[in-house]
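To keep things clear, I will list the structure first and then write my remarks on it.
The values are calculated or read from the model by the stated rules, or taken from the named source; none is laboratory data. None of these values were measured; they are calculated from a predicted model. Cβ placement follows ideal geometry from the backbone for every residue including glycine, while neighbour counts extend to all protein chains displayed. Side chains included, ligands, DNA and RNA excluded: accessible areas come from the protein's heavy atoms. Shrake-Rupley method; radii C 1.70, N 1.55, O 1.52, S 1.80 Å.
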Amino acid sequence: MNYNEGMLRDGALESKTIIITGGGTGLGRSMGTYFLKLGANLVITSRKMDILQKSADEMMAETGGKVLAVECDVRNYEMVENVITKAYEEFGKVDVLLNNAAGNFISPTERLSHRAFDTVVDIVLRGSYNFTLAQGKKWIEDNQAGNILNIVTTYAWTGSGYVVPSATAKAGVLAMTRSLAVEWAKYNIRSNAIAPGPFPTSGAWERLLPGNLKEKFDPANKVPVGRVGDHQELANLAGYLVSDFSAYVTGEVVTIDGGEWLKGAGEFSMLDEVTPEMWDMLEMMRKKK
Ligand code: HXC
Ligand code: NAP
């Protein structure tokens, strides 16, 4: 058994229909591929239809499952409603909404135009509430159970310099996750989030570590377990949260980051750099005293 193997039993998501925003690339695609292997039908959506359709075809060929690709800019409410309509036409119902689409880049905040700030906040926060509101209304109207999973980041609660629009928006998504877990529980709608640490994807890596920053700031060095994440271990966690096995879990944010953010928060975590010889010396000094 290993962390890069599928964890859930065969058929764990049988007959579930799952919408994944940003499902044609990166982590969205990896989670979606695993959901298909577990028996789900997928609706994937993003702006670039060529990439989206190619991914849908490859995911179907790999798993034998069904994937509907629908073009949508999550910032546009009419396009969001259209995705949901198409999903019901194709599969008759939607069981899970996975808000995964995001936009991000690094910059000193004072160098950003207000349009740049809007762009990231609109994709991350407006995109997530657009889909949540449209799908939530439909579930409530149909008296059908629902399950929402939002992908946030660990800086949703710590904040982070140089990605301030993203941190601001992800914090909003986290507040929405928890708020709706309580408000919509009466409608049998669950709402949870995952906060991933560093998981290599070309989308995130190229934008957040452009040029030689990758060599200068190896993300693995900040992670106590000493490595970056494997897509399958994120897919395993997401698979559990979108399945009925997690029926009693709502309002939760699960961190999967190898201990990265806590290391940053711990006041004495930098003592990792003290060598055993230095510890020996310190101990001798203490004993002498
Ligand atoms: C400063 C920038 C910029 C940059 C764009 N802008 N890139 N400002 N630094 N690197 C400004 C533009 O100049 C413009 O402002 C405004 O933002 C809109 O730019 P557009 O290119 O027109 O926007 P759009 O085509 O909508 O593209 C959105 C995008 C792009 C966010 C800029 O990067 C994108 O499509 N990203 C999607 C995928 C992505 O980002 N994935 C990574 C998620 S990773 P002006 O004033 O000139 O009009 C993630 C991980 C977090 O979230 C945690 C990791 C550990
Ligand atoms: P990614 O491959 O760049 O994924 C982002 C996706 O969002 C793309 O498929 C993109 O497709 C879509 N998207 C962007 N703007 C959109 C819009 N306006 N409308 C519809 N779709 C849009 O990056 P990723 O690393 O897999 O990120 C996935 C999620 O994980 C994000 O929420 C990110 O914040 C989160 N995350 C990632 C990491 C990491 O280390 N990778 C860490 C923490 C959190 P189009 O360009 O075709 O629209």
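Points worth noting:
- Filtered residues of the range 85-123 (kept if touching a strand residue (DSSP E or B) at 6+ places or on another chain (Cβ under 9 Å) and buried (at least 22 other Cβ atoms within 10 Å of the Cβ)): Ala87, Val94, Val96, Leu97, Leu98, Asn99, Asn100, Ala101, Ala102
- Scanning the range 40-55 for residues that are small (Gly, Ala, Ser) and open to solvent by 30 Å² or more (accessible area, probe 1.4 Å) turns up just one, Ser46.
- Answer residue from the range 21-48, given it is part of a strand (DSSP E or B) and within 18 Å of Arg126 (Cβ to Cβ) and is farthest from ligand 1 (Cβ to nearest atom) among those: Thr45
- Helices (runs of 4 or more DSSP H) wholly inside the range 93-200 that include at least 1 residues being more than 8 Å from ligand 1 (Cβ to nearest atom), under 30 Å from Pro224 (Cβ atoms) and not basic (Lys, Arg): 127-142, 155-158, 164-183
- Taking each residue of the range 15-27 that is within 18 Å of Tyr129 (Cβ to Cβ) and open to solvent by 10 Å² or more (accessible area, probe 1.4 Å) and looking for partners that are hydrophobic (A, V, I, L, M, F, W, C) and within 11 Å of ligand 1 (Cβ to nearest atom) with beta-carbon atoms closer than 6 Å, six or more apart or interchain, yields Gly22/Ala101.
- Hits in the range 39-53 - residues which are away from ligand 2 (no atom under 14 Å from the Cβ) and touching a Gly at 6+ places or on another chain (Cβ under 6 Å): Gly39
- Checking each residue in the range 201-224 for being outside any helix (DSSP H, G or I) and either at positive phi or within 15 Å of ligand 2 (Cβ to nearest atom) (or both) picks out Thr201, Leu209, Pro210, Gly211, Phe217, Asp218, Val223.
- With respect to being touching a His at 6+ places or on another chain (Cβ under 8 Å) and within 16 Å of ligand 1 (Cβ to nearest atom), Ser55 falls outside the description.
- Residue within the range 253-267 that is among the aliphatic types (A, V, I, L, M), part of a loop (DSSP other than H, G, I, E, B), open to solvent by 30 Å² or more (accessible area, probe 1.4 Å) and within 29 Å of Thr33 (Cα to Cα) present: no
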